[in-house]
1. Hey, with R₀ at 51 Å, roughly what FRET efficiency would B:E197 and A:Q152 work out to, going by the Cβ-Cβ distance, to 0.05?
2. Hey, with R₀ at 30 Å, roughly what FRET efficiency would A:Q188 and B:D13 work out to, going by the Cβ-Cβ distance, to 0.05?
3. Under a Cβ-only charge scheme (Lys and Arg +1, Asp and Glu -1), can you give me the dipole magnitude of the protein assembly as shown about the Cα centre, in debye to the nearest 20?
4. Size of the protein assembly as shown along its principal axes in angstrom, Cα-based, largest extent first?
5. Figure the gain on full extension for A:Q140 and A:D53 (residue separation times 0.36 nm, minus the Cα-Cα span) and round it to one decimal in nm.
6. Which whole-number value in Å² is the accessible area per residue of region A:125-166, probe 1.4 Å?
7. Averaged across orientations, what area in nm² does the convex hull of the alpha carbons in region B:6-112 project?
8. What are the label-to-label distances in nm, one decimal and shortest first, from B:M121 to the same spot in the other copies, with labels 7 Å along Cα to Cβ?
Protein chains: 2
Amino acid sequence: MKLQLALDTIDIDEAIAIVRQIKNHIDIIEIGTPIIIRDGIAAVRRVKESFPDMEVFADLKIMDGGRLEAEMAFEAGADSVSVLAVAYDATVQAVIQSAKEWGRSVLADMIGVKEQTRRAMELDRMGVDYICVHTASDIQNQGFHPLVSLRQLSGVIPRNKLAAAGGIRADTVDEIVRAGAHIIVVGQGILAAPDREKAAFEIKSKLVHEGRA
Amino acid sequence: MKLQLALDTIDIDEAIAIVRQIKNHIDIIEIGTPIIIRDGIAAVRRVKESFPDMEVFADLKIMDGGRLEAEMAFEAGADSVSVLAVAYDATVQAVIQSAKEWGRSVLADMIGVKEQTRRAMELDRMGVDYICVHTASDIQNQGFHPLVSLRQLSGVIPRNKLAAAGGIRADTVDEIVRAGAHIIVVGQGILAAPDREKAAFEIKSKLVHEGRA
């Protein structure tokens, strides 16, 4: 199980400083959509150059222009990129094709999908590497949580293809781990913690422990 | 009727040079998603500073973090921003709220929506300024065209709230104009034309003519 640190609302210099501090406890660095909107794909390049041995995920949330946008991420050094699960199949396939050519990975973000099981199975058949149940930040205060979707999908999608994101913290990660995701995405659960290194260490320990069990 | 020039795959300096050449024939400058991915929101700022009297549309295709992302666009000088129609209502509402506070506009991009009529009516009730039928670039070679959706929606949405995008050119704009959209988005139809100024002039003339009729 891998821990992905989602860097969303912060400055790129601050992001790099935080990763430097806690990189021993995380596996994947996510350059979130707002950072890419603010700084462009250069943010991905800077982070990958700063941490060449770590996986870097560019959260582009591609909805159209699959090949063009995926190539921009891969060319900048991203190891993986996101396509929206609500995008047309042609877009998903274009992103997958680009990833194959570059030897990189594709994560399909399930945000906004209504028929989760059916769409996840379609995406799996198309060949995305990861399917991420994702509770949008805009609906987290309505009591939504990725756990319900994760349990639904873990019956039809191999566990090593599942990722979960959206409001996960040290005190809520256990259930997510038990439901079985290969990638656990944590943002504010680490970034807003009083001690970031301690929060990252705690969460990562749980993933390692569960991974061995 | 307004003509929106979609700048997608080109360099920002080239984009500014093109707008300078044809600005008398266009009403809205669209900073497309790929430009924002490459150059970040600074692209919007540069274009607005170069053409302060023209409308600038930032095609962010917001899917989550509605307030945060919309504010980044408005702060950079965008007059309008796009939210994906497939986003959660909470996200759409956050973008609308932000636009109200800044005195700007919101365009909901219908790309990927299955029940177009129902969703368009919901978006209209929520208060988006424009609803854009949009044939994704990735499916234009499959024979899809915005005209069918536009005709569907023109029965339930006021014409002055409708926009149309996706593969529109000088020789296909007539039907779109007749179906009745307030904003016509053209990208390659102008950018890839042998004479860009002539293409923009031709298209704009048709909008002006139809607008008066």
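The values are calculated or read from the model by the stated rules, or taken from the named source; none is laboratory data. Here the structure is a predicted model, which is why all the values come from computation and not from measurement. Note that each Cβ is placed from the backbone with ideal geometry, even for glycine, and that neighbours are counted across all protein chains shown. Surface areas here come from the heavy atoms of the whole protein model, side chains and all, with no ligands, DNA or RNA. Shrake-Rupley method; radii C 1.70, N 1.55, O 1.52, S 1.80 Å.
1. Calculated value: 0.40.
2. The value I calculate is 0.20.
3. The calculation lands at about 800 debye.
4. If we take the Cα atoms of the protein assembly as shown, the spans are 73, 43, 39 Å.
5. Separation in residues times 0.36 nm, less the Cα-Cα distance, equals 28.0 nm.
6. With the other protein chains kept in place, region A:125-166 gives 46 Å² per residue.
7. 6.3 nm²
8. Spelled out, the distances from B:M121's label point are 3.1 nm.
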